[in-house]
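Novice: What follows is a single structure, and I will ask about it in a moment.
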Amino acid sequence: MTPSFVKLLVSDAARSLAFYEALGFERVGAEPPFVHLQWAGAVDLYLVTPPPMLKLEGRRGLGVLVGFRTQGASGLDELLLRAQAQGAAVEGPVVQPWHTREVIVTDPDGYRLNFIEPA
């Protein structure tokens, strides 16, 4: 188990799971209300179905970018194609002044995922 992880509250676990798996995340386990995913064997991500009495209003993750490093020579380009195939909103790729090439993908609940590779 990695020492850090991210939990995202999702409105439709099946839809989110399909989206994340299409991007390249691997399902490690599922025990409601959690779905445990992993990125590149190194980052744990949990999709969490909130209890019915919890109303999630407004934009999710406002002001937060959840970052993931891509791997391989075509990692970011492949990820970009996968995101576009899912109909996701995509920003980039952009080469940043800190020597990274980055893409931001918005998931079905509005969370912004920042995929990064060295430039």
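The values are calculated or read from the model by the stated rules, or taken from the named source; none is laboratory data. If you're wondering where the values come from, they're calculated on a predicted model, not measured in any experiment. All Cβ positions, even for glycine, are placed from backbone atoms using ideal geometry, and neighbour counts span all protein chains on display. Each accessible area value is taken on the protein alone, full model and side chains, heavy atoms only, with ligands, DNA and RNA left out. Shrake-Rupley method; radii C 1.70, N 1.55, O 1.52, S 1.80 Å.
Novice: Which number do you get for Rg(Cα) / (2.2 N^0.38 Å) in the chain?
Specialist: Normalised Rg, Cα atoms only: 1.05.
Novice: Compute the length gained on full extension between Q71 and S11: take 0.36 nm times their separation in residues and subtract their Cα-Cα distance, giving the result in nm to one decimal.
Specialist: 18.7 nm
Novice: Report, to the nearest whole %, how much of the accessible area of the stretch 1-70 belongs to carbon and sulfur atoms, 1.4 Å probe, protein only.
Specialist: About 59 percent, which is the carbon plus sulfur part of the accessible surface.
Novice: Let me ask something else about it. Where the centroid of each part is defined by its Cα atoms, how far is the stretch 98-119 from the stretch 49-88 in Å?
Specialist: Rounded to whole Å, the Cα centres lie 8 Å apart.
Novice: For the pair E57/A22, report the inter-label distance in nm, with labels modelled 7 Å from Cα in the Cβ direction.
Specialist: 3.0
Novice: Can you list the residues of the stretch 57-80 with backbone N under 12 Å from a point 7 Å past the Cα of A119, pointing along Cα to Cβ?
Specialist: none
Novice: Using a 1.4 Å probe, what is the accessible area per residue for the stretch 10-119, in Å²?
Specialist: Per-residue accessible area for the stretch 10-119 comes out at 56 Å².
Novice: Is there a quick way to get the dipole size of the chain? I mean about its Cα centre, with the Cβ of Lys and Arg at +1 and of Asp and Glu at -1; what is the value in debye to the nearest 20?
Specialist: That gives a dipole near 220 debye.
Novice: Something else now. Rounded to the nearest 0.05, what FRET efficiency do A85 and E31 give with R0 = 41 Å and r taken as the Cβ-Cβ distance? Could you check?
Specialist: Here the calculated transfer efficiency is 0.90.
Novice: Relative to the first principal axis of the alpha-carbon coordinates of the chain, what is the inclination of helix 75-85, with its axis defined by its Cα atoms, in degrees from 0 to 90 and to the nearest 10?
Specialist: 50
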